[in-house]
1. About its Cα centre, how strong a charge dipole does the range 189-310 have in debye, to the nearest 20, once Lys and Arg get +1 and Asp and Glu get -1 at the Cβ?
2. Roughly how big is the chain's charge dipole about its Cα centre, with Cβ charges of +1 (Lys, Arg) and -1 (Asp, Glu), in debye to the nearest 20?
3. When 1/r is averaged over all different Cα pairs and the result inverted, which Kirkwood radius in Å belongs to the range 144-222?
4. Run through the DSSP bridge list for the range 95-183 and note the antiparallel percent, rounded to the nearest 5.
5. Lys2: which aspartates and glutamates have alpha carbons under 13 Å from its alpha carbon, excluding same-chain residues fewer than 8 sequence positions away?
6. Taking 7 Å along the Cα-to-C-beta vector as the label spot, tell me the Glu57-Thr6 distance in nanometres, rounded to one decimal.
7. Rounded to the nearest 5, what % of DSSP beta bridges with both residues in the chain are antiparallel?
8. Calculated from the structure, Rg and Dmax of the Cα atoms in Å equals which of (i) 21.7, 89; (ii) 21.0, 76; (iii) 21.8, 70?
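Just so it is clear, none of the values below were taken in a lab; they were calculated from the coordinates. Since this is a predicted model, take the numbers as computed values, not measurements. Quick reminder, even Gly has a Cβ in these numbers, built from the backbone with ideal geometry, and neighbours come from all protein chains shown.
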Amino acid sequence: MKLCRTTSSKPDFAGKSGCVVTIGAFDGIHRGHQAILQRLKRESEKLDCPAYVMCFEPTPGEFFSNENPPARLTRFRERFQTLASLGIDGMFCPRFDDAMRALSPEEFVSKLLVDKLAAKHVVVGDDFKFAARAAGTIDYLRKAGERFGFGVTEVPAIQQGAERVSSTAIRRALVDGDMRKVSAMLGRDYSMSGHVVYGNQLGRTLGFPTANIPVMRMSSPVQGIFAVRVHGLREGVLDAVANVGTRPTVTGSGKTILEVFIFDFDRDIYGKFLEVKFIARLRDELKFPDLESMTVQIHRDADQARELLENTH
């Protein structure tokens, strides 16, 4: 999948004259996003041109709420890889800054959709708004399409029971520890991924050597202890217990990290890229009075995770 990160150059359409494009944060790439992407692919095949996703870094939500940003479900690499796996041809992801936020609806369409992307068709969700003060509406986009020669398709929301599938709803379910609801809305288990880095080796001295993975988000969508499955190693899919948190008993640094204890496993995997899928939430992260009481609880967590994962294979 091709990637263009700047407005100073045009995306490479591999000899085609333009693209079909959808616009949004696509955080999580949940079932609602997947419906939009499926329609995007159909329109690209119909018009014989590439299917592109337009998004921004940082996300507008992060830009406008820098002090308390919304928890990101998928970091940039995860989003890129998921889009590629769904057959999307390219991502146009310029920086969201003061100049971008100030674009009027007319400037957004003319400078980005027309000049940069040469859009032949635009596919959006039914709640789509764009440009300064979210003044751009789907009706405005349709009128602009008539002027500039591109079509517009509006894709209705996907419902999960009585609730609209959305990134916000998934964040709430993650906070509640409702992993079944999260999986139902995503269409897959929630996961985090990253390279294993060196830690302080404390887990090894306690009998629980962990693979430490930086969260790589301004704000983590999950906190606590989880039963998980680890993908990416030659041994195949492995059961594990994981902690996502700040390790208040041993550091108190305030930096969130993903620590994974893989059951019955003892191999050096520093630098390996792992995907950790969250199956069930066990409890909140706690601050213990000493390492001994923390170790006792880790044993309990590991036993609970083993039993739960054995029953869900």
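1. On the way: 14 positive and 16 negative charges, 87 e Å.
So the magnitude is around 420 debye.
2. Details: 43 positive and 39 negative charges, 157 e Å.
Charge dipole of the chain: 760 debye, to the nearest 20.
3. Working: mean 1/r = 0.0608 Å⁻¹.
When all Cα pairs of the range 144-222 are included, the Kirkwood radius is 16.4 Å.
4. On the way: 3 of 8 bridges.
Here the antiparallel bridges make up roughly 40 percent for the range 95-183.
5. Asp12, Asp89
6. According to this spin-label approximation, the distance is 1.4 nm.
7. Working: 34 of 54 bridges.
Expressed as a percentage, antiparallel bridges in the chain total about 65.
8. This structure yields the entry labelled (iii).
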